[in-house]
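The values are calculated or read from the model by the stated rules, or taken from the named source; none is laboratory data. These numbers were taken from a predicted model, which means no experiment stands behind them. Counting neighbours? That spans all protein chains shown, and the Cβs are built from the backbone with ideal geometry, glycine included.
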């Protein structure tokens, strides 16, 4: 048992101390706190939460006599200071470079104003029921919200004066969303409150697209039918996904270990194998034809090395270095991008913190904050957004692109200089690319947003996700698509 003291407040906690003096206190199933006890100005260094028991850098938290957080000092010594009022509302935040953000409230403690470190202010108003009524940004453009008698959001008038209207049934389920351009999204539910059908309608109420969904008795999605294609699912008794089948593709089969970790994905003759360490970190992915990606981590569970192999031959690697706060500060290795962009002499931002100048390029935005134009070296690129704030067109001299979306906001098609590609989805993952009746590419993915392989006419590619981006490259030798 140990007692932590901060100001005049105290708290106690059971701790397990190992031979090196590192404190390890288990919080939840397979989650722990690790802490190296030390003092700074009589304030205890607080703990880090990591999966299992893994060392991490401490962050110092300062509490006042009322137990309110007053400051944070990260492992780099950077301090953030919080100033509360008598009602325990944060009224001021001072960041590590002494920038001050201020917060104002009404008598009901609703947030009224946020004034940033550049004195740019966002203002809110509220209804008699304390629901947000308006939001005015630092450029003085206002959004307005109304509600029905049950408290459901009824309308939104955005900063471009576009109205979106929401309709609900007697069970307060949203049944229709109508947009400024007259189009609408319409929802149908079953007795279990599950969405079974979504229809897109034009301004004349003609159905333009329909998505249907089916479920089993445990509320698990078993089928989704869209204009682009049909996807079917089966599950194990413990609700792990067992198979996924896109009509026209070989079935995808998933296998797991005793810790419920996905270990193999099989589609036709192609198999992807995934390995883990005892801390549940992915250590390798083996692709068809023995191509392999290996991962290494430091004691803080930060990815330090990614090694690409073809059989026993190392093709290249990426290495990463971090500071004490866990920020990635260096990328190396033979696959690292070594080109350094030219130095910038000019950058500029408007009151909404939108970048309006970047070197020689200038940018403009619409009232909703969407990028409208970029101009560089006399060439202007124009971006067009629909009433749903979805990017629909990009154009400049010699280049045009347009995009379509489904009811769930997934991009279902793109047309680039006349070439059309449509997409079939597994959840948020595109699993098939279609060009009319032709299928130029099938995608094999895991259970998250990372692609594993891409099957094209030229052969099977392996795909690697780095951060939020996925690239597919390095044809797998002698590997044909199935």
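(1) surrounded by 15 or more Cβ atoms within 10 Å (Cβ to Cβ); (2) in a loop (DSSP other than H, G, I, E, B): which one isn't true of residue 193, the others all being true?
(1)
Can you name every residue in the range 289-302 that is touching a residue at least 60 places away in the same chain (Cβ under 8 Å) and within 23 Å of residue 260 (Cα to Cα)?
293, 301
Of the residues that sit in the range 196-211 and are part of a strand (DSSP E or B) and without any contact (Cβ under 8 Å) to a residue 60 or more places away in the chain, which one is farthest from residue 169 (Cα to Cα)?
208
For every residue, the table says whether it meets (1) at pLDDT 95 or above; (2) over 30 Å from residue 185 (Cβ atoms); (3) touching a helix residue (DSSP H, G or I) at 6+ places or on another chain (Cβ under 6 Å).
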| residue | (1), (2), (3) |
| --- | --- |
| 206 | yes, no, no |
| 221 | yes, no, no |
| 228 | no, no, no |
| 254 | yes, yes, no |
| 285 | no, yes, no |
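Each row is one residue, and each column tells you yes or no for (1) closer than 22 Å to residue 335 by Cα; (2) assigned by TED's automatic domain parsing to the domain that holds residue 182; (3) touching a strand residue (DSSP E or B) at 6+ places or on another chain (Cβ under 6 Å).
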| residue | (1), (2), (3) |
| --- | --- |
| 202 | no, yes, yes |
| 205 | no, yes, no |
| 240 | no, no, yes |
| 244 | no, no, yes |
| 255 | no, no, yes |
| 259 | no, no, no |
| 275 | no, no, yes |
| 291 | yes, no, yes |
| 300 | no, no, no |
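State yes or no: is residue 388 without any contact (Cβ under 8 Å) to a residue 60 or more places away in the chain and either under 30 Å from residue 118 (Cα atoms) or surrounded by 15 or more Cβ atoms within 10 Å (Cβ to Cβ) (or both)?
no
Quick one: in the range 140-156, which of the residues that are within 16 Å of residue 387 (Cα to Cα) and within 26 Å of the chain's Cα centre (by Cα) is surrounded by the most Cβ atoms within 10 Å (Cβ to Cβ)?
Taking the candidates together, the pick is 143.
If you go through the range 218-276 one residue at a time, how many are over 25 Å from the mean Cα position of the chain (by Cα), outside any strand (DSSP E or B) and surrounded by fewer than 18 Cβ atoms within 10 Å (Cβ to Cβ)?
14
Among 423, 383, which is surrounded by 15 or more Cβ atoms within 10 Å (Cβ to Cβ), assigned to a strand (DSSP E or B) and touching a residue at least 24 places away in the same chain (Cβ under 8 Å)?
423
Being in a strand (DSSP E or B), more than 30 Å from residue 268 (Cβ to Cβ) and free of Cβ contacts under 8 Å to residues at least 40 places away in the same chain: is that true of residue 305 here?
yes
Output the number of residues of the range 337-370 satisfying the condition of being surrounded by 14 or more Cβ atoms within 10 Å (Cβ to Cβ) and either in the same structural domain as residue 159 (by TED's automatic domain parsing) or assigned to a loop (DSSP other than H, G, I, E, B) (or both).
Of the residues in the range 337-370, 9 are surrounded by 14 or more Cβ atoms within 10 Å (Cβ to Cβ) and either in the same structural domain as residue 159 (by TED's automatic domain parsing) or assigned to a loop (DSSP other than H, G, I, E, B) (or both).
What tally of residues in the range 324-347 results from selecting those that are within 25 Å of residue 293 (Cα to Cα) and in contact with a strand residue (DSSP E or B) (Cβ under 8 Å, 6 or more places away or on another chain)?
Number satisfying all stated conditions: 10.
Do the conditions hold for residue 407, that is, is it more than 30 Å from residue 114 (Cα to Cα), assigned to a loop (DSSP other than H, G, I, E, B) and modelled with pLDDT of 95 or more?
In short, yes.
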